[in-house]
Amino acid sequence: MGSEAMTCVVLAGGSSRRLGRDKMQEELNGEPLLLRVVRRLAALGTEIVVVTAPGADFRFPEGLRVRLATDLRPGRGPIAGVHAGLSAARSSHCFVAAGDMPFLNLDLVRYMLEISGPYDVVIPRHGVLLEPLHAVYSRRCLGPIEAALEAGENRIVAFFPHVNVRYVEGDVIERLDPGRLSFFNVNTQADMERARRELGAWHGDCGFRVGRAMDGGRGGRGAGRVARAVRFGILGRV
């Protein structure tokens with residue numbers, strides 16, 4: 001399934017509590033963080049849907065295929081944003097990412113979209129950790145997500161037992177994104193400063209970097225992205 005027939009959904013409705021201001025408008029290399037993420041994904045040639053909080057006012061340059069969708073369940077977390085994005089999408093499958101992930105690797109995104117056809121969810125897995133805000137979701141997930149929301153669930157993974165999930169394992173991630181920078185996200189001022197420092201050493205889609213990984217060890221699993229991963233059995237907040 002080619003990426004051109006897909007939709008990319010960018011979640012931009014968070015409250016940015018830890019940063020203390022709207023992180024989507026924070027500048028990275030001279031442009032707002034959210035715009036950087038949208039531009040990265042626009043290079044795939046897909047439709048882009050940006051999910052915002054009610055009343056948000058985001059504007060994008062002409063030429064970008066961006067539609068806005070509103071998160072109609074504010075306070076319910078990313079699962080409500082995923083639901084809003086899937087509801088607005090015109091394609092059967094959507095790649096979903098957070099708007100604070102500046103180092104998305106397009107080779108990894110393409111791979112996930114290309115294998116997604118028979119699956120409801122395609123999601124990276126590092127051992128026991130999942131990346132639900134860097135995943136492909138089918139519109140077939142809408143019913144199970146609605147059921148989870150009605151049951152009071154705020155975790156994205158709550159509906160996974162009811163759908164067909166394909167895991168992208170660590171060896172594939174390592175081959176396509178050796179630095180694993182795709183999963184780095186900005187939550188704090190320290191994360192923002194680190195992203196600005198690291199930007200000059202980032203080699204785009206190949207994922208290779210000069211010198212060291214983001215956390216000084218294996219694979220960009222720094223403070224900014226650990227909160228996004230989900231542990232089996234515990235399943236975290238998302």
Condition check: in contact with an Asp or Glu (Cβ under 9 Å, 6 or more places away or on another chain), more than 25 Å from GLU31 (Cβ to Cβ) and surrounded by fewer than 17 Cβ atoms within 10 Å (Cβ to Cβ). Does ARG90 satisfy that?
yes
If ASN185 satisfies every condition in (1) outside any helix (DSSP H, G or I); (2) crowded, with 20+ Cβ neighbours inside 10 Å; (3) at pLDDT below 85 but one, which is the exception?
(3)
Looking at the stretch 82-97, is at least one residue part of a helix (DSSP H, G or I) and hydroxyl-bearing (Ser, Thr, Tyr)?
yes
Give me the residue from the stretch 127-159 that is under 23 Å from THR46 (Cβ atoms) and assigned to a helix (DSSP H, G or I) and, out of that set, nearest to the chain's Cα centre (by Cα).
ILE156
Can you report the number of residues in the stretch 48-80 which are more than 15 Å from the chain's Cα centre (by Cα) and either within 19 Å of TYR137 (Cα to Cα) or not acidic (Asp, Glu) (or both)?
22
Within the stretch 109-147, work out how many residues are among the small types (Gly, Ala, Ser) and in contact with a Lys or Arg (Cβ under 9 Å, 6 or more places away or on another chain).
1
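The values are calculated or read from the model by the stated rules, or taken from the named source; none is laboratory data. Source: prediction; values computed, not measured. No Cβ is skipped: glycine too gets one built from the backbone with ideal geometry, and neighbour counts run over all protein chains shown.
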